[in-house]
Amino acid sequence: MKFALVTGGSRGIGHAVCIALARDGYAVIINYAKNSQAAEETRNMIVSEGGNAMLLPFNVACKEEVDKALDLWESEHSGEYISVLVNNAGIREDNLMIFMQDEQWDKVLGTNLFGFFYVTRRILKNMLTKRNGRIINITSLSGLTGMPGQTNYSASKAGLIGATRSLAIEVAPRKVTVNCVAPGFIETDMTRDINQEEHKGRIPAGRFGKPWEVAAAVSFFASDSASYITGQVLSVNGGLHT
Ligand code: NAP
């Protein structure tokens, strides 16, 4: 069985990625922070389609929780390893820099960037030993351009792109690829407070994207067809690049 871990797999883009990877034949490990009901719904959807999925809650921003949960998973799956990792868990806490609180900075960097580090470092060893792995990081248009009120979020997402490029070079000889998917405006809980009517005029496609449209890009990076692509950022943004 091939295993894929999706952080933040309970809702939104992560939920769609879990469904897509299950359809690709992976047994999906659904991580989430708090929302066990949504995570169970994701698992039930996969199981109802004949797929395989399990829940693994932990806070990606807490390295002790990350290590504990993954130690437990490994002890229960002796001889198995996770060959696809999707670092998707993310939050926003927007504020103008002048009003930005320490907690807003720390929480966003902690989840979006430190979370990537804690989870990836823990999973990477087995990928390198097995000489097989796919790491897909969900960054953002905000990490490529700037967005007012998002210095914390943009820093975390730009950091993810830099880390992706360096790690891709480190691990390419071991047949592990590392890529980013950079969504623009996607319809999820994260963008619920954003007025679509106000923003969609800026988007060449004239609409917000759907979570499955991001999941399709993740599925491609995870596939055998993408074996020679690494260190890349694929935008899924309806043509909105600025
Ligand atoms: P969402 O609907 O708010 O879902 C966030 C997911 O992340 C949930 O599953 C949540 O788990 C999980 N999560 C949050 N903090 C966590 C933590 N500390 N540990 C583990 N899991 C945690 O967000 P989304 O819109 O799908 O966003 C997914 C990713 O895409 C994020 O990295 C986001 O920055 C990125 N992105 C989104 C958009 C967009 O327009 N939506 C655009 C660009 C990039 P619970 O359910 O347990 O809370």
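Each value in this text was obtained by applying a stated rule to the coordinates, not by laboratory testing. Just so it is clear, the structure is predicted and the values come from calculations on it, not from any experiment. Cβ placement follows ideal geometry from the backbone for every residue including glycine, while neighbour counts extend to all protein chains displayed.
So what are the range 130-242's ellipsoid semi-axes, whole angstrom, largest first, if each one is the square root of 5 times an eigenvalue of the alpha-carbon gyration tensor? Don't skip to the end; give the middle numbers.
Working: eigenvalues 154, 49, 21 Å².
With the √(5λ) rule applied to the range 130-242, the semi-axes are 28, 16, 10 Å.
The Cα center of the range 209-242 and the Cα center of the range 123-171 differ in position by 13 Å. Straight-distance candidates among the lysines for linking to Lys130, with alpha-carbon spacing under 30 Å and chain neighbours fewer than 8 residues away dropped: Lys2, Lys63, Lys68, Lys157, Lys175.
Dipole of the range 3-236, Cα-centred, from +1 at each Lys and Arg C-beta and -1 at each Asp and Glu C-beta, to the nearest 20 debye? Don't skip to the end; give the middle numbers.
Values: 23 positive and 24 negative charges, 145 e Å.
Here the size comes out at about 700 debye.
Highest mean packing first, where packing is the average number of other Cβ atoms within 10 Å per residue, the peptides 189-201, 220-232 line up as 220-232, 189-201. Karplus-derived 3J(HN,Hα) values for the range 193-202, using 6.51 cos²θ - 1.76 cosθ + 1.60 with θ = phi - 60°, are 7, 9, 6, 4, 4, 5, 9, 5, x, 7 Hz; glycine and proline are entered as x.
Quickly rank 43-56, 168-181 as a protection proxy: mean count of other C-beta atoms within 10 Å, highest first. Intermediate values should be presented prior to the final figure.
Details: 43-56: 15.5, 168-181: 18.6.
Answer by packing, highest mean first, reads 168-181, 43-56.
Residue-wise HN-Hα couplings along the range 86-97, as the Karplus relation 6.51 cos²θ - 1.76 cosθ + 1.60 with θ = phi - 60° gives them from phi, are 10, 7, 10, 3, x, 9, 10, 9, 6, 6, 5, 3 Hz; Gly and Pro carry x.
Take the alpha carbon atoms of the range 59-88, find their center, do the same for the range 1-43, and report the distance between the two centers in whole angstrom. Value for the Cα centre distance between the two parts: 14 Å. The Cα atoms of the range 132-173 cover 39, 14, 13 Å along the three principal axes, with the biggest extent listed first. Taking 20 °C and 1.002 mPa s as conditions, the range 3-236 diffuses translationally at an estimated 120 µm²/s according to Stokes-Einstein applied to its Kirkwood radius (Cα pairs).
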